Amino acid sequence: GFPSFVGIGQDSSGRAQGMALALAKGIGSTRSGAIEVTFAQEAELDLFSEQALGPIMSAAFLTAIEVELEAGYPPEAVLLELYMSGELGVVFNAMVEKGFIRQMDLHSRTSQYGTMTRRPRFATPELKARMKEVLEEIRSGQFAREWTEEQRAGLPHFRSLKEQALKHPLNDLEDHLKRELRKKDA
């Protein structure tokens, strides 16, 4: 099973919570746990993950790639080491199983030491302030208004951003690496 959120917006019958929990049980999520949250909380948490954590991770990866390529490392090695080996997926799965901090026990002491001594350099007040700004844009409805207007206008900015992203040289580099790895499998 997988965990889920359960929330009740209105309950005219007095049986809504029981029905919601029965649905959660029916899809197997009560085995891992069902947590009660409001609809607003679930939406805000989801949007925050997408609009704060996602962009931070994206910016960190793209910057790491640029730094390592500029330092002369082979592009294929950079991508494999950073994410294309699948190791990062294993790390994220370990976070689910063991916890965010405790999963570090699966890493070498060198890795653990490097992470713990360098993390404070990146955990800046500016980063926290930006994340709070994003959360406030979500909670105030500013993002909803912006996205609604973008959709009404036919998604011009969205399409432009997507087109720019697809033109990033990283896409070609990934395709090249995948082709090379397939050749070696054959």
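Just so you know, all these numbers are worked out from the coordinates, no wet-lab data involved. Bear in mind that the values here come from a model prediction, so they are computed numbers and not experimental data. Here the Cβ positions follow ideal geometry from the backbone for every residue, glycine too, while neighbour counts run over all protein chains shown.
In the stretch 6-44, what trypsin sites (Lys or Arg not before Pro) fall in a loop by DSSP, with at most 12 other Cβ atoms inside 10 Å? Please report the intermediate quantities before stating the final value.
Numbers: sites: R15, K25, R31; in loops: R15, R31.
Qualifying residues, ordered by number: R15, R31.
The sum of -39500 (n - 2.57) across all DSSP H runs of n ≥ 4, divided by the residue count of the chain, sets its helix-only mean residue ellipticity at 222 nm to -21000 deg cm²/dmol. Please determine, in degrees from 0 to 90 and to the nearest 10, the orientation of helix 125-140 with respect to the longest principal axis defined by the Cα atoms of the chain, where the helix direction is its Cα long axis. In the chain, helix 125-140 runs at an angle near 40 degrees to the longest axis.
Kindly express, to the nearest 10 degrees and within the range 0 to 90, the angle between helix 54-70's C-alpha long axis and the longest C-alpha principal axis of the chain. It works out to around 0 degrees.
Distances between placed amide hydrogens fall under 5 Å for A34 paired with S4, all partners being 5 or more residues away or on another chain.
Based on the alpha carbons, how large is the Rg to Rh ratio for the stretch 61-146 when Rh follows Kirkwood? Spell out each step's value before the answer.
Working: Rg = 17.0 Å, Rh = 15.9 Å.
That ratio equals 1.07.
Roughly what percent of Cα-Cα pairs across the stretch 1-125 reach past 26 Å? Intermediate values should be presented prior to the final figure.
On the way: 3393 of 7750 pairs.
That fraction is 44 percent.
Taking the inverse of the mean 1/r over every pair of distinct Cα atoms in the stretch 39-185 gives a Kirkwood hydrodynamic radius of 18.5 Å. Couplings for the stretch 37-44, taken from phi via the Karplus curve 6.51 cos²θ - 1.76 cosθ + 1.60 with θ = phi - 60°, read 9, 7, 4, 5, 4, 4, 5, 5 Hz in order; Gly and Pro are left as x. All distinct Cα pairs of the stretch 25-85 go into the 1/r average, and the inverse of that average, the Kirkwood radius, is 14.8 Å. Of the residues A60, L170, M95, the one whose Cα sits farthest toward the positive end of the charge dipole of the chain, with +1 on the Cβ of Lys and Arg and -1 on the Cβ of Asp and Glu, is M95.
Converting phi to 3J(HN,Hα) with the Karplus coefficients 6.51, -1.76 and 1.60 and the offset θ = phi - 60°, the stretch 83-99 yields 7, 6, 6, x, 4, 4, x, 5, 4, 5, 5, 5, 4, 5, 6, 9, x Hz in sequence order, with x at every glycine or proline.
Place a +1 charge on the Cβ of each Lys and Arg in the stretch 1-143 and a -1 charge on the Cβ of each Asp and Glu, then give the dipole magnitude about the Cα centre in debye, rounded to the nearest 20.
Values: 13 positive and 18 negative charges, 131 e Å.
The dipole of the stretch 1-143 has a size of about 620 debye.
Rg/Rh for the stretch 1-52 (Cα atoms only, Rh after Kirkwood) is 1.04.
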